[in-house]
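Undergrad: The structure's right below; bear with me while I get my questions together.
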Amino acid sequence: MGEELPPTERLYTALAGIPPGKVVTYGQLAELAGMPRRARWVGQTLKKLPKDTTLPWFKVINSQGRISFPAGSEAAERQADKLREDGVEVSEQYRINLKVYQL
DNA sequence: CGACTGACCAGAT
DNA sequence: TATCTGGCCAGTC
């Protein structure tokens, strides 16, 4: 019968489908993957992605419209650069306007 | 087994 | 805007 993909696979698929210039929150991505209220699980899963992944991990931000890495860290800076390349406006304080860029 | 930790979140103050 | 609280749940020790 119909075999359903594992949760992680559904997460990858949903993430790969985020259009250019758009972002999603951890909680939103959890719902898209069919795992409502599992925002933390999304974070744990993304953390395990290989460093050379082609998935747009940088499109995932928290519900406050901020990058979930310590300000000034390499990770935060890398994510901000990626988002800007993708056409998303990111302030110096790593803030993104969800009203404009959220899927 | 309990205690603690996270790429989290929503509501209250 | 900032801080706190309770909820969430898989890993780790």
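Here, each number is a calculation from the coordinates, and none is a lab measurement. The structure displayed is predicted, hence computed values, not measured ones. Cβ atoms come from the backbone with ideal geometry, glycine included; neighbour counts cover every protein chain shown.
Undergrad: Most exposed first by the Cβ proxy, i.e. fewest other Cβ within 10 Å, how do A:67, A:18 rank?
TA: A:18, A:67
Undergrad: Oh, and also: Could you please rank A:83, A:49, placing first whichever residue has the fewest other Cβ atoms within 10 Å of its Cβ?
TA: Least to most surrounded, the residues fall as A:49, A:83.
Undergrad: Would you kindly calculate the translational diffusion coefficient of chain A, applying Stokes-Einstein with the Kirkwood radius from alpha carbon pairs, for 10 °C and a viscosity of 1.306 mPa s, and quote it in µm² s⁻¹ without decimals?
TA: Once the numbers are plugged in, D ends up at 114 µm²/s.
Undergrad: Still on this structure, please answer the following. Please return the longest stretch of chain A lacking exposed loop sites, where GluC sites (Glu not before Pro) count only if DSSP places them in a loop and at most 14 other Cβ atoms lie within 10 Å.
TA: That would be A:5-88.
Undergrad: Please report A:23, A:90 as a ranked list, fewest other C-beta atoms within 10 angstrom at the top and most at the bottom.
TA: A:90, A:23
Undergrad: Please work out the ratio of the alpha-carbon Rg of the range A:1-51 to 2.2 N^0.38 Å and round it to two decimals.
TA: Taking the Cα Rg and dividing by 2.2 N^0.38 Å, one obtains 1.14.
Undergrad: Give me the extension gain from residue A:102 to residue A:9: residue separation times 0.36 nm, minus the current Cα-Cα distance, reported in nm with one decimal.
TA: So the extension gain works out to 31.3 nm.
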